[in-house]
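Read the structure below first, then the notes.
Every number here is computed from the coordinates shown, using simple stated rules; none is lab data. Since this is a predicted model, take the numbers as computed values, not measurements.
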Amino acid sequence: MAYALAKEMAMSGDAVQAQSALGLDDIEGVMRLYRGRILRYAMFAVRDRDAAETITQECFLKAYRARESFRGDCSLSTWLMQIAVNLVRDYARSKQFQFWKRAQSATVDVMEAAEFLPHPGATAEKSLLAREKLKSVWAAVEKLSKMQREVFVLRFVEEMELLEIADVMGMKESTVKSHLYRALNAVRSKVQAGAQAGTIGAK
Amino acid sequence: MNTDLQNSHLSAGQIDQWLVEGPSVEAQGHVAACRECEEKLAEAREPLAIFRSAVVAWSESQPVGKISVGEEKRGFRQWALVDWMPVASVAFAVLVLAVFLLRGGSLLRHDVAPQFEAQFEAKSPVISDTVLMEQVDEEVSETVPDAMAPLTDLVGWDSGTAATTESAAKHGVKKKAAASRGKAHGRGND
């Protein structure tokens, strides 16, 4: 009951109320609410599915253990995201990350993600176009720098405000904007190139 | 910007600005009135929306594992996140120290023993000489026959006591001679 109410509040963007409705003592409920958000960020930050899942798990464990220190100065999702950012940084400093970075494996395949594209009532042609666009954006995001990728995901997937991103990432708002403009420019170029290639291929 | 938007359409930069920073009042007003810019904006938003929906759907489909908050033990994955380098360095240092202490200890025992032996040997001539002299004194004093007993005093001879020792010796000889004469005289009387 509490979980349903909290989920409703979280969906409507009222994370602080969701937190108070749920409480950090119910870490499993909090996890069900915010796990996807943390996993998405971690996935694109470290580009290793196993590591992303580990970071996600560790994030909620840390949050639970430090629940006394959460005073509600920011929303619960922002606080959780801050923990995740720190975990990703710790991980990125580790030798293991350097190894996997070279190995470039275990990342989520775009084709796998494409399976989850919702296409209610879409024609086959529209679905195909959507897949092509997803591939283009995915490829562009993969090639972004780590910082650009993280900021891009927080802005365009998590739809966080610039100030919130700056707070979570520990950087200036102007730096966040700079990363976002560059990332967006790279993504748009890739999408346009993909669209042109598709048009030529169709001809 | 206002005059620009009244005369022309949104540029790529202005669309990016909309997407990154949110819409300005002017841009919002223009898009509401300009069908072409509305389409351009929707076209720019579409790939991002597709990306978002696919990623969100994927992440939400991932099974939620149980979180074990009660136990402080780390699972294999948590251990995998540990930066092992400092741990390995400390372990190696402890190992080296242990080996050094063990070998050093035995080396110390091997090295120090000869030193003690050398020191002992350095002191031992004095000790052994003293012991030897005492043994010689004892043997000499034990093996001297009764008849030569007075001579044993000569072992401890010194100039201060020499005269008394000599006179005592003479006196002893005279006493023995007198005794032997007395014996002989007694036999003659028998």
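Residue by residue through the stretch A:143-158, what is 3J(HN,Hα) from phi via Karplus (6.51 cos²θ - 1.76 cosθ + 1.60, θ = phi - 60°)? Round to whole Hz and write x for glycine and proline.
Per-residue couplings from phi come out as 8, 5, 5, 4, 5, 4, 5, 4, 5, 4, 5, 5, 7, 9, 9, 8 Hz.
Give, in nm to one decimal, the length gained when the segment between A:Ser145 and A:Leu128 is fully stretched (0.36 nm per residue of separation minus the Cα-Cα distance).
That works out to 3.3 nm of additional length.
Any chance you could run the full-extension gain for B:Thr130 through B:Glu43? It's 0.36 nm times the residue separation minus the Cα-Cα distance, nm to one decimal.
Stretched fully, the B:Thr130-B:Glu43 segment lengthens by 19.9 nm.
Given the pairs A:Lys126/B:Lys40; A:Lys146/B:Lys66; A:Lys62/B:Lys66; A:Lys126/A:Lys190, which span a C-alpha to C-alpha distance of over 22 angstrom in this model?
Values: A:Lys126/B:Lys40 18 Å; A:Lys146/B:Lys66 30 Å; A:Lys62/B:Lys66 15 Å; A:Lys126/A:Lys190 19 Å.
In this structure, A:Lys146/B:Lys66 exceed 22 Å between Cα atoms.
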